[in-house]
Each structure stands twice: as structure tokens, then as C-alpha cells.
Amino acid sequence: QVQLVESGGGLVQPGGSLTLSCQASRNFVSIFAMGWFRQAPGKQRELVARSFSMSPSNYADSVKGRFTISRDNHNNTIYLQMNSLKPEDTAVYYCNAIYMGENYWGQGTQVTVSS
């Protein structure tokens, strides 16, 4: 199993920035992929960004050029740097890990973009 602990959500004004963090309980070497999803009220959960151990990261079209996913292999932590935030980025953001063919999820962290 993999436990995921997220932090970094909050309230930010449009155009602002936030950084989310997610620490995994297992070494990244054994995890196929780590990523971020989000779910807005009344909408399905959607992929935001994903980082693979051996392949380039990928991003949702809606966040390309604004969000950056990165990883700290020493601390088993991934980050989501979010810039130029828009009201439509408001959602609960979930950290995700794919380990041994199974999906694991963090508890979620609220991001609210509002003036």
C-alpha cells in the first residue's frame, strides 16, 4: 500500500499562485506514477498533471503553461506549482499514486480561487 499526505491548499485571488505538496509513504522507485487530480462541485474528477518515473510528465490542456509538476525523489514528495490561477481552478485537489497496478489517493486539499 501507499499512504499519501497532501498539503498546501487554500484561498488565493485570481492571478495568484499556490504550491501543493504530496508525500508518499513508499520510495518513488517502486511507484509507477504520481499525479494530481481535481474535482469541482458537480463535476467528475479529472487529471491535472502526472509524473512518471521513466517518461515525461503530462498535463491537462486547461493547465498547460500555468501548472508545473515536480518531484523530490529523496523525500518521496511531489509538488504542483500553480501559477496564474483562475476561478475555474477551484476544486478539491487529490494526490494520486499508481503502485503495483493499484490507484491510491490522498485525502484531498481545497483550492479556492476567488476575489
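Once the Cβ-Cβ distance of Ser62 and Asn103 is raised to the sixth power relative to R0 = 22 Å, the FRET efficiency obtained is 0.50. Taking all protein chains together, Ser115, Ser57 sort by accessible area into Ser115, Ser57, largest first [probe 1.4 Å]. For His74 and Ser25, the difference between the fully extended length at 0.36 nm per residue and the C-alpha to C-alpha distance is 16.4 nm.
Alpha-carbon geometry of the chain: the Rg and the Dmax are 13.3, 42 Å, given in that order. Once the Cα-Cα distance is subtracted from the 0.36 nm per residue extended length, the Met54 to Ala40 segment shows a gain of 2.0 nm. In the chain, once you exclude exposed trypsin sites (Lys or Arg not before Pro) (DSSP loop, at most 14 other Cβ within 10 angstrom), what's the longest stretch remaining? Looking at the chain, 65-115 is the longest stretch - no exposed trypsin sites (Lys or Arg not before Pro) with at most 14 other Cβ atoms within 10 Å.
Stretched out straight at 0.36 nm per residue, the stretch from Phe32 to Glu88 would grow longer than its current Cα-Cα span by 17.2 nm.
With the convex hull drawn over the C-alpha atoms of the stretch 1-55, the volume per residue is 123 Å³.
Would you work out the relative contact order for the chain, in percent, from Cα pairs under 8 angstrom that are 6 or more residues apart?
Working: 283 pairs, mean separation 43.1, N = 115.
Value for the chain: 38 percent.
The values are calculated or read from the model by the stated rules, or taken from the named source; none is laboratory data. Predicted model, so just to flag it, every value in this text is computed and none were measured. Note that we place each Cβ from the backbone using ideal geometry, even for glycine, and neighbour counts take in every protein chain shown. When the accessible area is computed, the model is the full protein with side chains, heavy atoms only, and any ligands, DNA or RNA have been set aside. Shrake-Rupley method; radii C 1.70, N 1.55, O 1.52, S 1.80 Å.
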